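Accompanying notes for the structure given below.
Quick note: the coordinates plus some simple rules give every number you see, no bench work behind them. Owing to the predicted nature of the structure, the values given are computational and were not obtained by experimental measurement. Ideal geometry is used to build each Cβ from the backbone, glycine not excepted, and the neighbour counts take in all protein chains shown.
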Amino acid sequence: MARRVPGDGGRDAARNGKASGAGNTARNGGPAGRSARAGAAASGAGSAASGAGSNGTASNTAGSNSTASGAASNGTPGTAGGPAGPGTSGAANLPDVQPQPQSPSPSRSRAKRKAGGDELEALLLGGVPRHTAYEVCKAAGIPYDEARRYWRAMGFADVGQARAFTDADVDALLRLGGMPRSGLFTEDFAVQVARSMGQTTARLAEWQVDVLFDAFDTAGVGSERMAEFGYRIGRRVLPELEELLVYVWRRQLAAAAGRVRQQMQEHAEGLQAVGFADLVSFTRLSRQLSEEELARLVSVFEANAADTVAYGGGRLIKTLGDEIMFAADSPARAARIALDLLGAMRRTEAVPELRIGVAYGHVVQRNGDIYGTTVNLAARLTSLAEPDQIVVDPELAAALASDSTFELEPIGTRMVRGLGEIEPSALTAG
């Protein structure tokens, strides 16, 4: 299978039909170039479609010319192109194992046969699963125990020695295994890279599959035709989604690097404003609303909150159903986001009132999350707030004292569980 590797002649070989496995892949519904273009995907062997936590497949992430790995917690590895070493593709070392041929339907030709679960899986993975784990490890030159660490970090289930791997899995293993072998990184670093991508893209895949199947359900597509419709839509939109995913990732990467650089320049490393916004009376509502109505309420709340936090220059750290957690680099920015959140929810009839707590101080950042006393304090302040109110800690109040765009009113000394007595203030617009 041709790979975009300098010096390997893959493109010429592909044009002349000489790339290893190209003819076989084409016969099985996956052109040789698709694996490098299709990006990362995770799949359960022999399944129809899914994301993490199901027995199907999920296409997660890809790169334009260089690609990150995808994830699904109950899937098998399926990751797009990586360097195969000088002069050859790693997949070229794999035995040319062919899937069992299927008899054509007597009522229609093979070309007109409707796409099913196997075709959808091959499309999402970028190739037909035809290799065992040991064959992939041998072709990549990576010990099985090391490869298993990477696969587990990405969230892939153990499939034993089932033929559940594609040529793209060799490239992904070469890429991850090449990190510690380059001398620049450790194996633990490579595992952390795999885990960050796996956990993030697993949720992304679940989200996208849910949206797609909801659309199928709304359009009246029966379960017996979902694989066919998924295949038809996937062929049209998968390349565009892959490019869009890499674009968003690069923008987020640049923004994160910029924040770290700014903190270092300002010698304020670890200082963050952290806020929690909580839906009032959510427990009571959950007993009154149907499951569909409750899901719609949470969806509207999370969507509005995410838009408001992003527009205000903050970061949505996590969503917890009836609560969101956000962070900002400056006290003023966090205060403005909190006020905008109240305003946005007031304008949304489907969402009940909010109560918000915000604190400012040192935090510890790990794996996309933040921890520390400041985070705990912000969560406690939320429970002190009245409906439609923002309560802030003394540090944030002091930082905003000279800013006329905000008004702060002390609400008296309060006992905060685990943190002692504090003197919080209510925040309003100036």
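A few points about this structure:
- Using C-alpha pairs under 8 Å with a sequence gap of at least 6, the mean separation divided by the residue count of segment 119-247 gives a relative contact order of 28 percent.
- Measuring how big segment 286-376 is from its alpha-carbon positions, Rg and Dmax come out at 13.9, 41 Å.
- From most to least packed by mean Cβ count within 10 Å, the peptides 199-209, 281-291, 346-356, 162-172 give 162-172, 199-209, 346-356, 281-291.
- Other residues within the sphere of radius under 13 Å centred on the Cβ of Ala335, judged by their own Cβ, net out at -4 (K and R +1, D and E -1).
- Percent of Cα pairs exceeding the 17 Å cut-off, where the set is segment 113-161: 48 percent
- Treating r as the C-beta distance of Ile411 and Thr348 and R0 as 35 Å, the FRET efficiency rounds to 0.85.
- For q = 0.13, 0.15 Å⁻¹, Debye-computed log10 I/I(0) when each Cα of segment 179-270 counts as one equal scatterer: -0.72, -0.85
- Length gained on full extension, Ala303 to Ala254, computed as 0.36 nm times the residue gap minus the Cα-Cα distance: 15.3 nm.
- Rounded to whole Å, sorted largest first: equivalent-ellipsoid semi-axes of segment 336-390, Cα gyration tensor: 25, 13, 9
- Subtracting the Cα-Cα distance of Asn367 and Glu423 from their residue separation scaled by 0.36 nm leaves 16.9 nm.
- Whole-angstrom gap from segment 137-216 to segment 346-378, using each part's C-alpha centre: 32 Å
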